[in-house]
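S.K.: Structure below; questions to follow.
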Amino acid sequence: MNDTAAKSASLEKVTFEDALQELEGIVASLERGEVSLDDAIAAFERGTQLKSHCQARLEEARMKVEQLRLPADGSSPDSAVPFSAED
């Protein structure tokens with residue numbers, strides 16, 4: 001498995017918060033111009049992967065929230081539909 005594939009696979013276990021923090025670090029280093037061209041390209045590719053990961057996690061969270069059925073009186077829901085990313 002090459003380095004890019006390994007990093008992509010490792011994203012499955014990265015939390016949203018950790019991915020966002022890493023992405024912010026990449027952006028900061030690119031803005032400061034502290035990296036070589038090759039490193040900047042690699043950082044951009046990693047940043048793109050992290051952005052996609054964060055977007056997917058946010059979409060999953062949005063779908064989970066939408067599936068909650070809150071009663072009109074504001075009380076706790078009686079049930080919730082299980083979330084499935086395949087739907």
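The values are calculated or read from the model by the stated rules, or taken from the named source; none is laboratory data. Just so we're clear, the structure is a prediction, and the values are computed from it rather than from any experiment. For neighbour counting, all protein chains shown are included, and Cβ atoms are generated from backbone atoms with ideal geometry for every residue, glycine included. Surface areas here come from the heavy atoms of the whole protein model, side chains and all, with no ligands, DNA or RNA. Shrake-Rupley method; radii C 1.70, N 1.55, O 1.52, S 1.80 Å.
S.K.: Return the residue satisfying two criteria in turn: it lies in the range 27-75 and is in contact (Cβ under 8 Å) with a residue 24 or more places away in the chain and open to solvent by 80 Å² or more (accessible area, probe 1.4 Å), and of such residues it is farthest from the chain's Cα centre (by Cα).
M.R.: Glu45
S.K.: For the range 30-56, what are the residues that are polar (S, T, N, Q), in a helix (DSSP H, G or I) and out of contact with any helix residue (DSSP H, G or I) (no Cβ under 7 Å at 6 or more places or on another chain)?
M.R.: Within the range 30-56, Thr48, Ser52, Gln55 qualify.
S.K.: If Glu24 meets every condition in (1) at pLDDT 95 or above; (2) open to solvent by less than 70 Å² (accessible area, probe 1.4 Å) apart from one, which number is that one?
M.R.: All conditions pass for Glu24, except number (2).
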